[in-house]
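A.B. asks: Below is a structure I'd like to ask you about.
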Amino acid sequence: DMVQNHLLQLLSMVAMEPPNKVEADEIRAEKVKLLRAMTPINQDNVADQAVRGQYSAGSISGDPVVGYMEEEGAAEDSSNTETFVALKVFVDNWRWAGVPFYLRTGKRMKEKVTQIVITYKENPHAIFSEDDSEANNRLVIRLQPNEGIQLEMVSKKQSLKERLETEKRTLNLDFFDSSGESRIADAYERLFLEVIKGDQWLFVSRDEIEASWDWCDTLLDAWTEKNIGTKGYSAGSWGPSKAEILIENDGRSWYEG
């Protein structure tokens, strides 16, 4: 449900083409196009592009917590129920061909955070610094907590001694601080308001639900056919080590800033 209902929603909103108008049907149509263009994760690539995990006992904020199988109400046959998923996804269209999208969601993680991180391409040639880690600008869209937009960019150091050295600087837009409001409305408050107004642009269409489940069902079938089980991870961590390998194989890493 988290993949189909939440992660794919965020992916489609970020990667879809701009709609002709800010109207429900136009936005939905673009989202459906994006979802239908996603390359399936099937038996041929599931081992390299998908990780499923289940949390074991650990600690969160210093407090001990039990593992999934020790939770009240957990059935004995739940040993292969995933509480974590990491995916490497491709969109097979003109704009995004060859660009990887890395998706990650899980329960009992180190922090509860929802964000979209856009990492810009590396420069083909570094002329200011030999440190490649300084080469990538990032745009971070924070959905929760502390809603806002953060731009991490490389700029010249303000120094007379290090004339052409660069460093990472951060531009931060905090929606709460800049809104002048006493609080930011909850996501469900916005949805209820749209229901009252009769505006459906925040809601999914039947075609969108079918397209997202069609993609997810292919992934689930691949896990079953290849008999791929869950990888363990401690509660209070960022997930199983296999998820780190998934992205590190491409010379990248999960953003945990």
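A.B. asks: Return the residue satisfying two criteria in turn: it lies in region 178-206 and is small (Gly, Ala, Ser) and in a loop (DSSP other than H, G, I, E, B), and of such residues it is modelled with the highest pLDDT. Quick ask: steps written out before the conclusion?
C.D. replies: Going residue by residue through region 178-206, those that are small (Gly, Ala, Ser) are 178-180, 182, 185, 187, 198, 205.
Within this subset, residues satisfying the condition of being in a loop (DSSP other than H, G, I, E, B) are 180, 182, 185, 198, 205.
Details: 180: 66, 182: 69, 185: 75, 198: 84, 205: 89.
Among residues in region 178-206 that are small (Gly, Ala, Ser) and in a loop (DSSP other than H, G, I, E, B), the one modelled with the highest pLDDT is 205.
A.B. asks: Something else now. Restricting attention to strands (runs of 3 or more DSSP E) lying wholly within region 48-156, give those where 3 or more residues are under 30 Å from residue 171 (Cβ atoms), open to solvent by 50 Å² or more (accessible area, probe 1.4 Å) and of a type outside the set (Asp, Glu). Walk me through how you get there before you give the answer.
C.D. replies: Working: elements: 50-56, 58-60, 63-65, 84-90, 100-106, 114-119, 138-144, 148-156.
Correct list: 114-119, 138-144, 148-156.
A.B. asks: Taking residue 44 as meeting all but one of (1) within 20 Å of the chain's Cα centre (by Cα); (2) over 14 Å from residue 207 (Cβ atoms), write down the number of the exception.
C.D. replies: Checking residue 44 against (1) within 20 Å of the chain's Cα centre (by Cα); (2) over 14 Å from residue 207 (Cβ atoms), the one that fails is (1).
A.B. asks: Something else about it: For region 231-254, how many residues are of a type in the set (Phe, Trp, Tyr) and either open to solvent by less than 40 Å² (accessible area, probe 1.4 Å) or touching a Gly at 6+ places or on another chain (Cβ under 7 Å) (or both)?
C.D. replies: Going residue by residue through region 231-254, those that are of a type in the set (Phe, Trp, Tyr) are 233, 238, 254.
Now drop any that are not either open to solvent by less than 40 Å² (accessible area, probe 1.4 Å) or touching a Gly at 6+ places or on another chain (Cβ under 7 Å) (or both), which leaves 233, 254.
Summing the residues that are of a type in the set (Phe, Trp, Tyr) and either open to solvent by less than 40 Å² (accessible area, probe 1.4 Å) or touching a Gly at 6+ places or on another chain (Cβ under 7 Å) (or both) in region 231-254 gives 2.
Rundown of residues vs (1) modelled with pLDDT under 90; (2) under 26 Å from residue 30 (Cα atoms), yes/no style:
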position	(1), (2)
89	no, yes
96	no, yes
103	no, yes
125	yes, no
139	no, yes
146	yes, no
151	no, no
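A.B. asks: Please work out which residue is farthest from residue 122 (Cα to Cα), limiting yourself to region 157-177 and to residues that are modelled with pLDDT of 85 or more and either aliphatic (A, V, I, L, M) or part of a loop (DSSP other than H, G, I, E, B) (or both).
C.D. replies: Checked region 157-177; the qualifying residue farthest from residue 122 (Cα to Cα) is 173.
A.B. asks: Might you let me know whether region 207-227 holds any residue that is in a helix (DSSP H, G or I), touching a strand residue (DSSP E or B) at 6+ places or on another chain (Cβ under 8 Å) and open to solvent by 70 Å² or more (accessible area, probe 1.4 Å)? Walk me through how you get there before you give the answer.
C.D. replies: Residues of region 207-227 that are in a helix (DSSP H, G or I), as a first pass: 207-225.
Now narrow it down to the ones that are touching a strand residue (DSSP E or B) at 6+ places or on another chain (Cβ under 8 Å): 215, 219, 222-223.
Going one step further and asking which of them are open to solvent by 70 Å² or more (accessible area, probe 1.4 Å), we end up with none.
For region 207-227, residues in a helix (DSSP H, G or I), touching a strand residue (DSSP E or B) at 6+ places or on another chain (Cβ under 8 Å) and open to solvent by 70 Å² or more (accessible area, probe 1.4 Å): absent.
A.B. asks: Same structure again: So for region 100-116 (the condition being farther than 18 Å from residue 253 by Cβ and in contact with an Asp or Glu (Cβ under 9 Å, 6 or more places away or on another chain)), does at least one residue qualify? Spell out the reasoning first.
C.D. replies: Filtering region 100-116 down to residues farther than 18 Å from residue 253 by Cβ leaves 107-108, 112, 114.
Those still in the list that are in contact with an Asp or Glu (Cβ under 9 Å, 6 or more places away or on another chain) too: none.
The answer is no; no qualifying residue exists.
A.B. asks: Taking region 8-39 on its own, how many of its residues are surrounded by fewer than 20 Cβ atoms within 10 Å (Cβ to Cβ) and either in contact with a Ser or Thr (Cβ under 9 Å, 6 or more places away or on another chain) or part of a helix (DSSP H, G or I) (or both)?
C.D. replies: The initial filter retains those residues of region 8-39 that are surrounded by fewer than 20 Cβ atoms within 10 Å (Cβ to Cβ), namely 9-10, 13-14, 17-26, 29-30, 33, 36-37, 39.
Checking which are either in contact with a Ser or Thr (Cβ under 9 Å, 6 or more places away or on another chain) or part of a helix (DSSP H, G or I) (or both) leaves us with 9-10, 13-14, 24-26, 29-30, 33, 36.
Result for region 8-39: 11.
The values are calculated or read from the model by the stated rules, or taken from the named source; none is laboratory data. All figures in this text were calculated on a predicted structure; none of them were measured in a lab. Heads up, the Cβs are rebuilt from the backbone with ideal geometry, glycines too, and the neighbour counts pull from every protein chain shown. Side chains included, ligands, DNA and RNA excluded: accessible areas come from the protein's heavy atoms. Shrake-Rupley method; radii C 1.70, N 1.55, O 1.52, S 1.80 Å.
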